[in-house]
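First the structure, in the form of structure tokens, and then the observations on it.
Just so it is clear, none of the values below were taken in a lab; they were calculated from the coordinates. Being a predicted model, the structure only gives us computed values, none of them experimental. Positions of Cβ are generated from backbone atoms using ideal geometry, with glycine treated the same way; all protein chains shown enter the neighbour counts.
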Amino acid sequence: MAEIGNNIQKAKSLLDRGELVGLPTETVYGLAGNALNTEAVSKIFEVKNRPYFDPLILHTHSIDAIKLYTENIPEEAIELAHKFWPGPLTILLKRNNKVPDLTCSGLDRAAFRIPNHPVALELLQNLDYPLAAPSANPFGYISPTSAVHVQNQLGDKIQYILNGEVSNVGIESTIVGFDKDQPVVYRLGGLDVNEIESIIGKVKVMEHSSSQPDAPGMLKSHYAPRKKIILGNIEELLIQCKGLNIGVLSFHKEYSEADLSYILSEKQDMHEAAKNLFSYLRLLDESSVDIILTELVPNTGLGKAINDRLKRASI
Ligand code: TXA
Ligand code: MG
């Protein structure tokens, strides 16, 4: 099993040797390795059982560090970076050849993010390379929002997990890129698209597709628990599923007919709902219920990203 601890130097020395470390961030926990070391990067793909065509995000502690690996950063990207970094935003930028092909699956652009987490930032400041860090879950499973989640899923494959409390945002970063000059959101996430639009104006939001995804995180079934999960009107579904052992994940209402139920946010707060989403899905998935019933939340602000995850989990 992996050790869970607060020892930045220990994490650094493992990373310097090309090993992987569990990394807390404000969105979800990452499985981190030296982004410039192809052996470390291939370990990430192996440990996650992730296809090599699905590129990784590079994490750094500063815009200056990112400039070492990129060219022609668009003005709007700089504006977003100044406004939202450190934070739950990933920006796709034209990369130079210091970034190994393996890290970004041979694409011309690489994904960059400065996470807003004191432990992650302290570690990154101590390194002279960026960290490639996908969410620390086996490919296709729910992203982890605590060190214990990482331990349960990947603890036998890595040695060390840095502890950083429960991830505050709870869903992955919003991914933005520039298609010619047009800003495009490739993945809805922890930064509300309205906030992005308040800085750079209207952006295009890509619909996810199951073939030829521009950001493979857009593969339709990507956040699926192992149990069957049905999205719809919970009241009606409860009647249809009578006789089964039923788990419910609701937005704010209590459903007493359920055998096990979790409420995302009684006060209907989208930030709280996002923070609870993956850990509640995980608890339901690990419970003895036969089936999980859930519903969409209002499609405003972070609700859009929550609904995106719920839709994919229920396919
Ligand atoms: O919040 C997050 O973004 C977390 C934390 C750990 O930072 N990381 C994360 O990584 O969610 P991952 O690997 O689970 O998702 C990254 C997504 C993938 O869907 C990938 O396809 C997309 O980013 N991506 C990465 N590099 C890309 C590139 N060069 N072009 C297009 N999409 C890219
Ligand atoms: Mg992921």
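In straight-distance terms, cross-link reach from LYS202 covers every one of the aspartates and glutamates whose alpha-carbon lies under 19 Å from its own, apart from those fewer than eight places away in the same chain; here that gives GLU75, GLU76, GLU79, ASP179, ASP181, ASP192.
In order along the range 159-176, the phi-based Karplus estimate (6.51 cos²θ - 1.76 cosθ + 1.60, θ = phi - 60°) of 3J(HN,Hα) comes to 9, 9, 10, 6, 8, x, 6, 6, 4, 5, 7, x, 10, 5, 5, 6, 9, 10 Hz; Gly and Pro are listed as x. Nearest 10 degrees is fine. How inclined is helix 38-48 to the longest principal axis of the chain, computing both from alpha carbons? For 38-48 against the chain, the angle is about 0 degrees. Proximity of backbone amide H atoms, modeled 1.01 Å from N, is registered between ASP290 and ASN245, ILE246, GLY247 at under 5 Å, excluding neighbours fewer than 5 places apart on the same chain.
Here the label points at ARG17 and MET1, each 7 Å from Cα along the C-beta direction, are separated by 2.2 nm in the simple model. Taking Lys and Arg as +1 and Asp and Glu as -1, the other residues whose beta-carbon sits under 12 Å from that of GLU286 total +2.
Computed from point charges on the beta carbon alone (+1 for Lys and Arg, -1 for Asp and Glu), the dipole magnitude for the chain about its Cα centre is near 520 Debye.
Of the beta bridges in the range 3-169, as assigned by DSSP with both residues counted there, near 60 percent are antiparallel. Label separation (GLN159 vs LEU68): 2.3 nm, computed from points 7 Å beyond Cα along the C-beta direction. For ARG187, the amide hydrogen comes within under 5 Å of the amide hydrogens of ILE175, counting only partners 5 or more places away or on other chains and with H modelled in the peptide plane.
Residues whose amide H comes within less than 5 Å of that of LEU102, counting only those at least five positions distant or on another chain, are absent (H built at 1.01 Å from N in the peptide plane). Between GLU266 and ILE8, the contour length at 0.36 nm per residue exceeds the alpha carbon distance by 89.2 nm. Taking the DSSP bridge list for the chain and keeping only pairs wholly inside it, about 40 percent are antiparallel. For the range 3-169, a crude dipole built from +1 on the beta carbon of Lys and Arg and -1 on the beta carbon of Asp and Glu, taken about the Cα centre, is about 160 debye to the nearest 20.
Kindly express, to the nearest 10 degrees and within the range 0 to 90, the angle between helix 303-313's C-alpha long axis and the longest C-alpha principal axis of the chain. Tilt of helix 303-313: around 80 degrees. Per-residue ellipticity at 222 nm from helix content only, as computed over the chain with -39500 (n - 2.57) for each DSSP H run of at least four residues, stands at -8500 deg cm²/dmol. When the Cα positions of PRO74, LEU23, GLY106 are compared along the charge dipole of the range 17-111, LEU23 comes out farthest toward the positive end, with charges on each C-beta of Lys, Arg, Asp and Glu.
Specify whether the C-alpha gyration tensor of the range 3-169 places it in the rounded, prolate or oblate class, a ≥ b ≥ c being the square roots of the eigenvalues: rounded for a/c under 1.5, otherwise prolate if a/b is larger than b/c and oblate if not.
prolate
Evaluated with a Cβ-only charge set (Lys, Arg +1; Asp, Glu -1), the range 275-315 carries a dipole of roughly 260 debye about its Cα centre, given to the nearest 20. Principal-axis analysis of the Cα atoms of the chain puts helix 270-286 at an angle of about 70° to the longest axis.
Based on the mean of other beta carbon atoms within 10 Å per residue, what is the order of 252-263, 17-28, 74-85, most packed first?
Going from most to least packed, we get 17-28, 74-85, 252-263.
Taking θ as phi - 60° and the Karplus parameters 6.51, -1.76 and 1.60, the scalar couplings of the range 20-36 work out to 9, 9, x, 10, x, 9, 6, 8, 9, 6, x, 9, 9, x, 4, 5, 9 Hz in sequence order, x denoting glycine and proline.
For the chain, the residue among GLY243, VAL148, LEU93 whose Cα projects farthest onto the positive side of the dipole built from Cβ charges is LEU93.
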